[in-house]
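Report on the structure given below.
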Amino acid sequence: MGKNTWLIKTFLKARWKEKWKMLKGFLFGEKKYLEIPDGEPHVDMKELVRCALCPNMCKFECPSLRVTKKEMYAPSTKSRISFFMEKGYLDSSNPHTAEVPYLCTNCDGCRHWCPMGISTGDLLKDVRADLVERGHVSSTLKEFNKRVQKEKTTFNRDTFKKPGFSVNTPGADTFYYMGCVMAEKKPDAVKANIVILKKAGVLFSTHVRYRVCCGGPLFTAGFRDTAKSLAKENLDLFEKAGISTVVADCPACTDAIRTKYKELGLDHDLEVYNTTEYYANLIKEGRLVPTKPVNMIIAFHDPCIIARGFDDTESARYIFSKIPGLEVREPFLHGKETQCCGMGGVSHVHHPHESEAIGMQRYMQLKDTGADYLVSACPACEEGFSIAGTNAEMEDDRRKLVILDIGEILVSSLE
């Protein structure tokens, strides 16, 4: 209510003729703008209109706008274009128009700064679902969907055949869900997580032969049917294995299993944790005791999903505070004001150039802290920064940060 008092004041100061016009439009004209020709869309049209008419306070935060420097990729402009597509005023079969809802990393920075608390990114996810149903998406995304349908992962089945990944403890009720990106790009971090869980005495399994992609990337890209199919496979596996707790090393996987499955109509009673919050709890319970000094200076990057989506800026910092010898340096923008790594919204698949440009901006912010190591709690962020570090090195910037996952830092402090 406090965010909208300016509307009330404007209404009260208006002449009666204008007041009646506003009330008439609000009471009787709403359907004209919210109904679409072809039935019910996925997107909340009312929220889409509110975003399209917003005074644009989120503009400075939008990473896509920041790197493209094109007004059409500002959050409210993307909402306007999406609204016109949904109403049929713009042809969504035009690839230049249909790509607009995809120029978003779903970092949710817009919601953080929006005076009305609207997530343009969430709205655009639903617009993408409508585009997918109409078949108006790029061939690159269609191929991505087909690959995941075939391989059951964003890479290939060999991703999960690495030595040490398979743990199947009899009677385990906890499932360590390793994400596709973590397994493919950060195998040492996977092994660190396995060591941590064992040291804490957690009875867990990985069932790498049967687990499939969480479906999160496909949900985000608009392929809801594929996402639902993958979700069903995972939920069936959890039920057959007697799983009650899922610990995921990727925030996007955590979010998919915890919330997106339910949005797809697949209810469950699982307790779902990200490794960061799970490890913080294990330390608080005394099941993990970091004692070995870790003499490192690290810059910590808050993943958007954890900081803003899960409203958790404390778990990682609590873990760091318990590790002897560790010095943590914060970039200027941290916590809920963190900035995107560029890998969200499946951006690296459909707009790799923009994705890398966003990642480079954030990488340099973290590097400016003077730290030697860059630590995050999201494999996608870590991969984005790894690409940025390689690109920076190619540009004669010789001091390349070492990229580590929070599990790799913690395991080095355990006896």
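Values quoted throughout were computed directly from the atomic coordinates according to the rules given, and no laboratory measurement underlies them. None of the values given here were measured: they were computed from a predicted structure. Positions of Cβ are backbone-derived with ideal geometry, glycine not excepted, and every protein chain shown enters the neighbour counts.
The table below lists the values:
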read-out: Rounded to the nearest 20 debye, dipole of segment 172-285 from Cβ charges on Lys, Arg, Asp, Glu; value: 320
read-out: Among N234, V43, I196 - extreme Cα towards positive end, dipole of the chain, charges at beta-carbon; value: V43
read-out: Assigned charges on the beta-carbon of Lys, Arg, Asp, Glu; the chain dipole about Cα centre (debye); value: 1000
read-out: From the coordinates shown, Cα Rg over 2.2 N^0.38 Å corresponds to which of (1) 1.04; (2) 1.34; (3) 0.94; value: (1)
read-out: The chain: angle of helix 120-134 to the longest principal axis, Cα-based, in degrees nearest 10; value: 80
read-out: In segment 87-188, chymotrypsin sites (Phe, Trp or Tyr not before Pro) in a DSSP loop with at most 15 other beta-carbon atoms within 10 Å; value: Y89
read-out: Helix-only CD estimate at 222 nm, as mean residue ellipticity for the chain, using -39500 (n - 2.57) per DSSP H run (n ≥ 4); value: -13500 deg cm²/dmol
read-out: Relative contact order %, segment 289-411, counting alpha carbon pairs below 8 Å whose residues are six or more apart; value: 29
read-out: Low-density loop positions, GluC sites (Glu not before Pro), segment 267-337 - DSSP coil, at most 15 other Cβ in 10 Å; value: E285, E314
read-out: When each of K125/K232; K46/K262; K198/K400; K186/K322 is checked by Cα-Cα distance, pairs over 31 Å; value: K198/K400
read-out: Antiparallel bridges, percent of DSSP beta bridges restricted to the chain (to nearest 5); value: 5
read-out: Set K161/K185; K69/K142; K70/K228; K150/K240; K152/K199 screened for pairs whose C-alpha atoms are more than 25 Å apart; value: K69/K142; K70/K228; K152/K199
